Amino acid sequence: MPSFQIDKLNSILAKPLRSIMITEAQFQHELELIIQNGIREDIGPGDYSSLACIPATAMGRAQLLVKDTGIIAGVAFAQQVIQQVDSSLTTEVFIPDGTPVKPGDVVFHVSGPSQSILKAERLLLNSMQRMSAVATKTNQYVQLLEGTKTKILDTRKTTPGFRACEKWAVKIGGGENHRFALYDMIMLKDNHNDFAGGITAAITKTKDYLRQNQLDLKIIVEARNLAEIEEILQNEGVYRILIDNFNFDDTRKAVAMIGNTCLTESSGNINENTIREYAACGVDYISSGALTHSVYNMDLSLKAF
């Protein structure tokens with residue numbers, strides 16, 4: 001890994017890792033895999049378009065132009081991409097991650113071998129366009145929750161192979177990360193409970209499994225109705241109850257029933273029109289797959305100048 005990435009990674013990852021339950025080394029590895037696979041996918045044996053018409057000795061500059069409105073994200077990741085493609089490339093950043101942007105803004109300049117700039121172009125643009133869209137959507141939800149105690153969470157409904165970047169973008173937009181994957185938190189949903197023989201059976205078996213395998217993982221349990229809330233509360237060791245697809249009245253009742261026993265999370269088709277009222281029910285978290293699965297990429301371009 002280039003020294004630039006090693007030096008910068010601690011500060012880059014500090015923010016997302018505050019709520020992602022994997023280690024810094026694991027998160028770093030995920031980012032490296034994304035970059036390596038992106039380069040393999042896009043460049044393969046060579047960028048023959050550039051090799052055919054641009055001398056290897058040619059030097060150039062390009063600027064990252066914003067053509068949309070939103071929250072910019074992926075700047076630090078783009079720097080990692082650029083360094084991985086060619087460590088002799090240099091960047092000058094004018095607008096950091098998490099900053100509101102508008103059409104005409106210039107986020108950064110990249111300078112160095114022209115062939116290398118063109119190699120990095122599509123991977124960094126695809127990544128930044130997607131990450132900026134996620135950060136923008138997240139920030140919209142964060143603003144809608146302003147003044148409440150409720151925090152917005154992402155889910156595992158991410159783009160295959162790009163999860164680390166999308167969860168990073170959620171943090172850049174002001175949101176919080178749910179579990180990273182199936183291995184860093186227990187989440188007993190309806191199918192788990194049904195297959196295990198019921199909620200109590202699922203919780204009991206899970207606690208036994210964690211103890212036998214010396215695993216220290218938090219347990220979230222999904223409830224489909226108030227009766228299931230009551231049953232969950234009869235079991236110790238639950239970190240958070242997922243109040244799934246409840247209406248407003250039942251959500252308020254569920255929050256009152258749970259009290260301070262554990263944390264609460266609402267989920268299920270919550271959107272811009274309903275999120276504020278669900279927060280007013282008193283839940284600690286609202287999780288939304290829409291942060292990552294229902295966004296439109298921000299329009300960005302990399303132009304020589």
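The values are calculated or read from the model by the stated rules, or taken from the named source; none is laboratory data. Everything numeric in this text was worked out from a predicted model, so none of it was measured. In this analysis, Cβ positions are derived from the backbone assuming ideal geometry, glycine residues included, and neighbour counts consider all displayed protein chains. Accessible surface is based on the protein model in full, side chains and every heavy atom, while ligands, DNA and RNA are left aside. Shrake-Rupley method; radii C 1.70, N 1.55, O 1.52, S 1.80 Å.
Here are the numbers for the structure shown:
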{"quantity": "Residues of the stretch 127-214: accessible area per residue with a 1.4 Å probe, Å²", "calculated": "44"}
{"quantity": "Length-normalised contact order for the stretch 13-161 - Cα pairs under 8 Å, 6+ apart - percent", "calculated": "26"}
{"quantity": "DSSP-defined antiparallel bridges as percent of all bridges, the chain, nearest 5", "calculated": "50"}
{"quantity": "Pairwise centroid distance, computed over Cα atoms, of the stretch 158-178 with the stretch 33-107, Å", "calculated": "20"}
{"quantity": "Alpha-carbon gyration tensor eigenvalues x 5, square-rooted, for the chain, Å", "calculated": "42, 21, 14"}
{"quantity": "Mean projected area in nm² (Cα convex hull; one quarter of hull surface) for the stretch 186-291", "calculated": "6.7"}
{"quantity": "For the stretch 148-199, convex hull of alpha carbons as volume per residue, Å³", "calculated": "109"}
{"quantity": "Under DSSP loop assignment and at most 16 Cβ neighbours within 10 Å, longest GluC sites (Glu not before Pro)-free interval of the chain", "calculated": "1-145"}
{"quantity": "Sum of -39500 (n - 2.57) over DSSP H runs of 4+, divided by residues of the chain (222 nm, nearest 500)", "calculated": "-14000 deg cm²/dmol"}
{"quantity": "For the stretch 107-152, projected area of the alpha-carbon convex hull averaged over all directions, nm²", "calculated": "4.2"}
{"quantity": "Rg over Rh [alpha-carbon atoms, Kirkwood Rh] for the stretch 137-176", "calculated": "1.01"}
{"quantity": "Whole-number percent relative contact order across the stretch 150-284, with pairs defined as alpha carbons under 8 Å at least 6 apart", "calculated": "19"}
{"quantity": "In order through the stretch 216-225: 3J(HN,Hα) via Karplus (6.51 cos²θ - 1.76 cosθ + 1.60), integer Hz, x for Gly, Pro", "calculated": "10, 10, 6, 10, 10, 10, 8, 10, 9, 7"}
{"quantity": "Hz values of 3J(HN,Hα) by residue in the stretch 33-48 - Karplus curve (6.51, -1.76, 1.60), Gly and Pro given as x", "calculated": "5, 4, 5, 4, 5, x, 5, 4, 5, 8, 9, x, x, x, 8, 5"}
{"quantity": "Principal-axis tilt of helix 75-85 within the chain, Cα atoms, nearest 10 degrees", "calculated": "50"}
{"quantity": "When the convex hull of its Cα atoms is projected in every direction, mean area for the stretch 230-305 (nm²)", "calculated": "7.7"}
{"quantity": "For residue 145, residues with placed amide H under 5 Å, excluding near neighbours", "calculated": "none"}
{"quantity": "Range of Cα positions in the stretch 47-173 per principal axis (Å), largest first", "calculated": "57, 31, 21"}
{"quantity": "Surface share of carbon and sulfur [accessible, 1.4 angstrom probe, percent] for the stretch 253-305", "calculated": "45"}
{"quantity": "Karplus-derived HN-Hα couplings along the stretch 88-96 (A = 6.51, B = -1.76, C = 1.60, θ = phi - 60°), whole Hz, x at Gly and Pro", "calculated": "7, 5, 10, 10, 10, 8, 10, 10, x"}
